[in-house]
Amino acid sequence: MRRVLPGVTLMLLAAACGAPDREAKPPGPAAPAAAAPRAGRQLTDAERAAMLVALGGEQGGPRTAWFAVTPGDAEAVAFKNAFEAVFKQVGWTTETQPVTGMALKPGLSILIAAEEPPAYVNAVQQALQATSFEFKAGIGYGPYYAERKQADPKWPGIPLVAGQDFVVVIGPQPPA
């Protein structure tokens, strides 16, 4: 399990969220030919099966999974869809929060509202651990988000709605 101490939530947030979106620079001189694009992240059959075991045993809690992804990142959206399909296969409902106004950092993160999360959130963490993908976890994000927004209403964090205990943040594919 990858847990982060509450005081380290700020560092996790910096890992999950990047800077606000910036306007694109005008095209400059032609760049050298780029290498062929890498294949997108995918779950293997074994990873899906292990996730199903972790999620299928959880009978408590709302059994709702929340995902945050930048809608314009086709690779990240496809990766989110793969995760979402596993949750739905065992009867969980899912919600997707489109992230706009900021650039997400590459990789996966789970932002957990409370410092002592409900058991069903632990099942989600176990499902993420059942994959080969590294992820960061931060607890106490709910109060942290509220404090940051109070201090700076323009702060571009990922909001949590009432009753939302966590969000799995799917950023762009990390560089090779």
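The values are calculated or read from the model by the stated rules, or taken from the named source; none is laboratory data. Just so we're clear, the structure is a prediction, and the values are computed from it rather than from any experiment. All Cβ positions, glycine included, derive from the backbone under ideal geometry; neighbour counts span all protein chains shown.
Pairing residues of the range 126-143 that are touching a residue at least 40 places away in the same chain (Cβ under 8 Å) with residues that are aromatic (Phe, Trp, Tyr), at Cβ distances under 7 Å and at least 6 apart in sequence or on separate chains, gives LEU128/PHE135. Across the range 39-74, what is the total count of residues that are within 17 Å of the chain's Cα centre (by Cα), surrounded by fewer than 18 Cβ atoms within 10 Å (Cβ to Cβ) and aliphatic (A, V, I, L, M)? So the answer is 1. The number of residues in the range 148-176 that are within 21 Å of LYS136 (Cα to Cα) and among the charged types (D, E, K, R) comes to 2.
Can you tell me which residue in the range 96-107 is surrounded by the fewest Cβ atoms within 10 Å (Cβ to Cβ), limited to those that are in contact (Cβ under 8 Å) with a residue 40 or more places away in the chain and under 21 Å from VAL161 (Cβ atoms)?
If we take residues in the range 96-107 being in contact (Cβ under 8 Å) with a residue 40 or more places away in the chain and under 21 Å from VAL161 (Cβ atoms), then GLY101 is surrounded by the fewest Cβ atoms within 10 Å (Cβ to Cβ).
Does VAL121 satisfy the condition of being surrounded by 17 or more Cβ atoms within 10 Å (Cβ to Cβ) and within 25 Å of GLU58 (Cβ to Cβ)? Yes: the conditions hold for VAL121. The residues on offer are GLU84, GLU147, and the sole one that is within 23 Å of ALA50 (Cβ to Cβ), charged (D, E, K, R) and modelled with pLDDT of 95 or more is GLU84. Scoring VAL77 on the criteria (1) in contact with a helix residue (DSSP H, G or I) (Cβ under 7 Å, 6 or more places away or on another chain); (2) buried (at least 17 other Cβ atoms within 10 Å of the Cβ) leaves a single failure, condition (1). The single condition among (1) within 20 Å of PRO71 (Cβ to Cβ); (2) out of contact with any strand residue (DSSP E or B) (no Cβ under 9 Å at 6 or more places or on another chain); (3) not hydroxyl-bearing (Ser, Thr, Tyr) that GLN150 does not meet is (1). I'd like the full set of residues that are small (Gly, Ala, Ser), part of a loop (DSSP other than H, G, I, E, B) and under 12 Å from the mean Cα position of the chain (by Cα), limited to the range 81-111. Correct list: GLY107 only.
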